[in-house]
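Participant: Here you go, one structure.
The values are calculated or read from the model by the stated rules, or taken from the named source; none is laboratory data. From a predicted model like this one, the values you see are computed outputs, not experimental measurements. Cβ: placed from backbone, ideal geometry, glycine included. Neighbour counts: every protein chain shown.
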Amino acid sequence: MGYEIEEVEERVILVGVADGVMKETEDSLDELKELVRTAGATVCGSLLQKREAVHPGTYIGKGKIQELKFLLFETEATGIVCDDELSPAQMSNLERELDCKVMDRTLLILDIFAQRAISSEGKIQVELAQLRYRASRLAGLGSSLSRLGGGIGTRGPGEKKLEMDRRLIRSRITQLKKQLEEVRAHREIIHAKRGRSNLKTAALVGYSNVGKSTCLNELTGSDILADDMLFATLDTTTRVLTLPDKQEVLLTDTVGFIQKLPHHLVEAFKSTLEEVLYADIIIHVVDVSNPRMEEQMHVVYETLRELGVNGKPVITVFNKQDRLEESVHIKDLNADRTVETSAHTGEGLEELKEALSEILRADQIYVERLFPYDQAGRIQLIRKEGQLLKEEYKENGIEVKAYVPKELYTKVTGIE
């Protein structure tokens, strides 16, 4: 006799508290709905409460809890997802009141990250974030146990088990941090090698699901996962892009930004986002078809400021033009150049390559000179580090036309 194991579909209700502008919370719930879809669950309802602050004990008020109970029964939902990070007390109180699975935004994002992480670094970062989240929950549980003041349920191995869990988590966090430092040290070596090769790097940054991976795929002929959902790719990917004028640039895809990114994740993923610090050029990809485009751009620039990314040339790519009914010309005052593209159709990508070429060219000096044959090694240096446009062998030497990086000009020409 065979047994069929049927995977239970998770059906959830979204719960949010508007302690400010209602529209902002509604937008945040829309994003939460996308996160739920990405995690593989179904949204079957939502509940939004306007109040001065979240309820310290139950996140929402008593009246709304009753309303939520009815909504759970009516929709046959299996759980709820709250739009903010819940305290351990809020989570346990809601579970007790509603008798269903209770999740918060942080737990949901952690679950998605756990599904999506592929590289060893990504997996370390996810586990680190999960353990930090769990450790904060254990701390809350410990204080609630101590408040019971002894008696039945507080004696025996319970407290010892809690202390053991804490110790194991602390030990594992230390271990993971050490592994992450090793990965970081390895990346430092890679960046040092890139620095020595004078090959410039352009980092694709932007809100989650704006088409960064599709841009990278179309520009470099790669096949990175580019699903229409939040956090389709978590791991940093770097590919070489050869521009029309034969210059080469390293193109790096980074994890997408998002509103209310939990602090556990900001900390854990800083090493991935540090790729942006090493980049010479920032390519800021924007989904022009998203009604929350300006808000998303603000989140990206705020995150870049937090990371300490300043003074780098920025190309803003207004992507997904094919989704607009009519063309809209938009400006970005933070950008040095703006390009309108559709990575899906290929529109505007040649213009993006030209913009990259121009920025790279700004850091180079044009050289036109005759090198004696005993200085032929300098031409080899130009070939390796710069761009050789013309090389002609004459009786008294080699005539060269080329672009060389500013930092190599003296070494190549001998001119101070």
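Participant: Anything in the range 384-404 that is under 17 Å from Lys200 (Cβ atoms) and surrounded by fewer than 17 Cβ atoms within 10 Å (Cβ to Cβ)? List them, or say none.
Facilitator: Scanning the range 384-404 gives a single hit, Lys384.
Participant: Return the pairs, sorted by first residue and then second, in which the second residue is of a type in the set (Asp, Glu) and in a strand (DSSP E or B), the first residue lies in the range 357-368 and is closer than 9 Å to Ala402 by Cβ, the beta carbons are less than 9 Å apart, and the residues are 6+ apart or on different chains.
Facilitator: Listed by first residue and then by second, the contacts come to Glu368/Glu399.
Participant: Does Asp374 satisfy the condition of being under 18 Å from Gly211 (Cβ atoms), of a type in the set (D, E, K, R) and either part of a helix (DSSP H, G or I) or touching a helix residue (DSSP H, G or I) at 6+ places or on another chain (Cβ under 9 Å) (or both)?
Facilitator: Values: under 18 Å from Gly211 (Cβ atoms): no; of a type in the set (D, E, K, R): yes; either part of a helix (DSSP H, G or I) or touching a helix residue (DSSP H, G or I) at 6+ places or on another chain (Cβ under 9 Å) (or both): yes.
No.
Participant: Right, another one. Within the set of pairs 6 or more residues apart or between chains, which connect a residue that is in contact (Cβ under 8 Å) with a residue 40 or more places away in the chain and not assigned by TED's automatic domain parsing to the domain that holds Met293 inside the range 18-38 to a residue that is polar (S, T, N, Q) and not in a helix (DSSP H, G or I) with Cβ atoms less than 7 Å apart?
Facilitator: Ser28/Gln259; Leu29/Ser46; Glu31/Gln259
Participant: Then there is this: If you scan the range 302-333, which residues turn out to be buried (at least 18 other Cβ atoms within 10 Å of the Cβ), modelled with pLDDT of 85 or more and not basic (Lys, Arg)? Full working, then the answer.
Facilitator: Looking only at the range 302-333, we keep the residues that are buried (at least 18 other Cβ atoms within 10 Å of the Cβ), and these are 303-304, 309, 313-321, 332.
After this cut, where a residue has to be modelled with pLDDT of 85 or more as well, the list is 304, 309, 313-321, 332.
Correct list: Leu304, Val309, Pro313, Val314, Ile315, Thr316, Val317, Phe318, Asn319, Gln321, Asp332.
Participant: Going through Thr272, Thr252 one at a time, which residue ends up being within 15 Å of the chain's Cα centre (by Cα), of a type in the set (Val, Ile, Thr) and either part of a loop (DSSP other than H, G, I, E, B) or modelled with pLDDT of 80 or more (or both)? Spell out how you get there, then give the answer.
Facilitator: Working: Thr272 fails: either part of a loop (DSSP other than H, G, I, E, B) or modelled with pLDDT of 80 or more (or both).
None of the other options fit; the residue is Thr252.
Participant: Could you please find all residues in the range 99-110 being assigned to a helix (DSSP H, G or I) and surrounded by fewer than 19 Cβ atoms within 10 Å (Cβ to Cβ)? Walk me through it before giving the result.
Facilitator: From the range 99-110, those assigned to a helix (DSSP H, G or I) are 105-110; that's our starting set.
Those that are assigned to a helix (DSSP H, G or I) and surrounded by fewer than 19 Cβ atoms within 10 Å (Cβ to Cβ): none in the range 99-110.
Participant: So, one more: Go over the candidates Arg96, Arg105 one by one and state the one that is in the same structural domain as Ala41 (by TED's automatic domain parsing), under 27 Å from the mean Cα position of the chain (by Cα), among the basic types (Lys, Arg) and at pLDDT 85 or above. Write out each step before concluding.
Facilitator: Details: Arg96 fails: under 27 Å from the mean Cα position of the chain (by Cα).
It is Arg105.
Participant: How about the range 30-89: which of its residues are in a loop (DSSP other than H, G, I, E, B) and surrounded by fewer than 17 Cβ atoms within 10 Å (Cβ to Cβ)?
Facilitator: Step one: list which residues in the range 30-89 are in a loop (DSSP other than H, G, I, E, B), which gives 40-41, 51-54, 56-58, 60-61, 76-78, 83-87.
Those that are in a loop (DSSP other than H, G, I, E, B) and surrounded by fewer than 17 Cβ atoms within 10 Å (Cβ to Cβ): Gly40, Arg51, Glu52, Ala53, Pro56, Gly57, Gly61, Glu76.
Participant: Can you tell me which residue among Glu391, Glu358, Glu350 is touching a helix residue (DSSP H, G or I) at 6+ places or on another chain (Cβ under 8 Å) and either part of a strand (DSSP E or B) or under 30 Å from Asp287 (Cβ atoms) (or both)? Walk me through how you get there before you give the answer.
Facilitator: Details: Glu358 fails: touching a helix residue (DSSP H, G or I) at 6+ places or on another chain (Cβ under 8 Å); Glu350 fails: touching a helix residue (DSSP H, G or I) at 6+ places or on another chain (Cβ under 8 Å).
Answer to the check: Glu391.
Participant: Still on this structure, I have one more. Can you go through Ser136, Ser146, Ser120 and tell me which one is farther than 22 Å from Leu107 by Cβ and at pLDDT 70 or above? Spell out how you get there, then give the answer.
Facilitator: Values: Ser136 fails: farther than 22 Å from Leu107 by Cβ; Ser146 fails: at pLDDT 70 or above.
After ruling out the rest, the residue left standing is Ser120.
Participant: Test Thr78 against the criterion of being over 28 Å from the mean Cα position of the chain (by Cα), of a type outside the set (Phe, Trp, Tyr) and under 11 Å from Ile13 (Cα atoms), and give yes or no.
Facilitator: Numbers: over 28 Å from the mean Cα position of the chain (by Cα): yes; of a type outside the set (Phe, Trp, Tyr): yes; under 11 Å from Ile13 (Cα atoms): yes.
Criteria met by Thr78.
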